[in-house]
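Quick notes on the structure that follows.
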Amino acid sequence: EAGVVQSPRYKIIEKKQPVAFWCNPISGHNTLYWYLQNLGQGPELLIRYENEEAVDDSQLPKDRFSAERLKGVDSTLKIQPAELGDSAVYLCASSLGGGELFFGEGSRLTVL
Amino acid sequence: TQLLEQSPQFLSIQEGENLTVYCNSSSVFSSLQWYRQEPGEGPVLLVTVVTGGEVKKLKRLTFQFGDARKDSSLHITAAQPGDTGLYLCAGDPFGNYKLTFGKGTLLTVNP
């Protein structure tokens, strides 16, 4: 069974440019999470979806970050415009009913 | 203030040594999870502890949940280079599926 798939694995952009990350969760997993992980830190939740509904986006910086999960499957996380401080790894995870989280390999963003 | 405090932050040991890492909080958790994250990968769940005082063993790894369900420890016996990675504890203190992670312990096992 395929795990959580994320793309791109790496992205280098200049500040003020937009960037988007894509996540395909494990088939059948209704809960999808986007986490941000800075170097040497633990993951921090940005947003959690139950099916297509964003049930917790309290940590998402809504002035520049947006996310969507159309049809309750794949999800996209967008940053526009990107700032230097956004350089980090963006992790997507999925779970079945809030149980064990299965993480993707992450998308490493570098903003120059 | 970090909800989950992990210590030590860094640990470098020789192959064959034993080690213990800790995860502490002032909050009570219904359960705590331990994940291991290798470079360039996402975290992978090792174990979930749910009962105060519970001890779980996974080969050379022993996990313990404190009696008051506020802390947990991970003990590794005879560490191997393959144990190298970032060990993260995580919990959901409010029961709303908002899993909070500690900063992790970065373990390096040298051959």
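The values are calculated or read from the model by the stated rules, or taken from the named source; none is laboratory data. For clarity, every value in this text was computed on a predicted model and none was experimentally measured. Positions of Cβ are backbone-derived with ideal geometry, glycine not excepted, and every protein chain shown enters the neighbour counts. The protein model used for the area step is the full one, side chains on, heavy atoms only, and it has no ligands, DNA or RNA in it. Shrake-Rupley method; radii C 1.70, N 1.55, O 1.52, S 1.80 Å.
Say the dipole of the protein assembly as shown comes from +1 at the beta carbon of Lys and Arg and -1 at that of Asp and Glu; which of B:GLY91, A:GLY85, A:GLY28 then lies farthest toward its positive end?
A:GLY85
At 0.36 nm per residue, minus the direct Cα-Cα distance, what do B:GLU17 and B:LYS57 gain on full extension? Give it in nm, one decimal, please. It would help to have the intermediate numbers written out before the result.
Numbers: separation 40, 0.36 × 40 = 14.40 nm, distance 1.77 nm.
Here the answer is 12.6 nm.
What trypsin sites (Lys or Arg not before Pro) does segment B:33-67 have in DSSP loop regions with at most 16 other beta carbons within 10 Å?
On the way: sites: B:ARG36, B:LYS56, B:LYS57, B:LYS59, B:ARG60; in loops: B:LYS59, B:ARG60.
Of the trypsin sites (Lys or Arg not before Pro), the ones in loops of segment B:33-67 whose Cβ has at most 16 other Cβ atoms within 10 Å are B:LYS59, B:ARG60.
Report the accessible surface area buried between chains A and B, summing both sides, using a 1.4 Å probe on protein heavy atoms only, in Å² rounded to the nearest 100. If you can, show how the numbers build up before the last one.
Values: alone 6310 and 6110 Å², together 10930 Å².
The A and B chains share an interface burying roughly 1500 Å².
For the protein assembly as shown, what Kirkwood radius comes out of the mean inverse Cα-Cα distance, in Å? Working shown, then result.
Numbers: mean 1/r = 0.0554 Å⁻¹.
Averaging 1/r across every pair of different Cα atoms and inverting gives 18.1 Å.
Which value, in Å to one decimal place, does the Kirkwood hydrodynamic radius take for segment B:5-110 when every pair of different Cα atoms is included?
Working: mean 1/r = 0.0728 Å⁻¹.
For segment B:5-110, inverting the mean 1/r across all distinct Cα pairs yields 13.7 Å.
Distance from a point 7 Å along Cα→Cβ of A:LYS16 to each backbone N in segment A:86-102: keep the residues under 18 Å and list them by number.
Once the point is set 7 Å along Cα→Cβ of A:LYS16, A:86-87 turn out to lie under 18 Å by backbone N, inside segment A:86-102.
Hey, got the Cα dimensions of segment A:51-112 along the principal axes, in Å, largest first?
38, 23, 19
Net charge near A:GLN59, counting Lys/Arg +1 and Asp/Glu -1 over other residues with Cβ under 15 Å of its Cβ?
On the way: positive: A:ARG48, A:LYS62, A:ARG64, B:LYS98; negative: A:GLU44, A:ASP56, A:ASP57, A:ASP63, A:ASP86, B:ASP92.
The answer is -2.
In whole Å, what are the extents of segment A:5-111 along the principal axes defined by its C-alpha atoms, from largest to smallest?
Largest to smallest, the principal-axis extents are 37, 26, 22 Å.
Quote the charge dipole size of chain B about the Cα centre in Debye, to the nearest 20; the model charges only the Cβ of Lys and Arg (+1) and of Asp and Glu (-1).
So the magnitude is around 220 debye.
Please state the shape class of segment A:28-69: rounded when a/c is under 1.5, otherwise prolate if a/b exceeds b/c and oblate if not, all from the C-alpha gyration tensor.
Details: a/c = 2.61, a/b = 1.38, b/c = 1.89.
It is oblate, given that a/c is not under 1.5 and a/b is not larger than b/c.
Tell me the accessible surface of B:LYS103 in square angstrom (1.4 angstrom probe, heavy atoms of protein chains only), to the nearest ten.
B:LYS103 exposes around 90 Å² with every protein chain in place.
For A:LYS78, go through the lysines and keep the ones whose alpha-carbon is under 17 Å away, minus same-chain ones fewer than eight residues off.
Result set, ordered by chain and number: A:LYS11, A:LYS15, A:LYS16, A:LYS62.
Just to confirm the filter: which trypsin sites (Lys or Arg not before Pro) across segment A:37-111 are DSSP coil and have at most 12 other Cβ within 10 angstrom of their Cβ? Mind showing how you got there, number by number?
Values: sites: A:ARG48, A:LYS62, A:ARG64, A:ARG69, A:LYS71, A:LYS78, A:ARG108; in loops: A:LYS62, A:ARG64, A:ARG69.
Within segment A:37-111, the qualifying trypsin sites (Lys or Arg not before Pro) (loop, at most 12 other Cβ atoms within 10 Å) are A:LYS62.
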